[in-house]
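Single-structure report; data block below.
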């Protein structure tokens, strides 16, 4: 057990990070050995009188051994994740620096001389609409508004009439209660 603890410390310190694949292979073999040993113990337990107690003891020993292997595997996986996250952070930093360099203006450019307008004559500013034109336009808008208001009023009256007719209709009687439901 102390040997496994030492391996765990080495992994956590980062001393054994160089050869993670070999370490994973070793742990895989160790797991297979634990499983094989457990199978042997199960066979031996079936030869004893107190089978359940022996099987329980074998199962507990297997769990302890596999827990140690799992702890080492988790340490290796954690180290790999840290390496990947550092590599990703470096890639992002490089990408951000490249983006900054692209967005940073190179050298200040000399000011361009103002553009001169072509020799075409400029359009005269449009005169505001005269008073008679405005009043005619306002009159058209007022007439359109009044027409829309009369349409709304006619629609409202139609809906009210339809609702009143529906209210006057006689509602149908509910269905009778079945005879089987009437008997308590």
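Calculate the FRET efficiency for residue 98 and residue 20 from the Cβ-Cβ distance with a Förster distance of 25 Å, rounded to the nearest 0.05.
After rounding to 0.05, the efficiency reads 0.25.
Provide the packing ranking of 172-179, 20-27, 70-77, i.e. peptides ordered by the mean count of other C-beta atoms within 10 Å per residue, highest first.
Peptide ranking by packing, descending: 70-77, 20-27, 172-179.
Compute the distance in nm between two label points, each set 7 Å from the Cα along the Cα-to-Cβ direction, one at residue 154 and one at residue 91.
7.0
Could you give me the radius of gyration and the Dmax of the stretch 28-90, taking only the C-alpha atoms into account and expressing both in angstrom?
Calculated on Cα positions, Rg and Dmax stand at 17.8, 63 Å.
Each reported figure results from applying straightforward, stated rules to the coordinates on display, with no laboratory input. Because the structure is predicted, anything quoted here is derived from the model rather than measured. Positions of Cβ are backbone-derived with ideal geometry, glycine not excepted, and every protein chain shown enters the neighbour counts.
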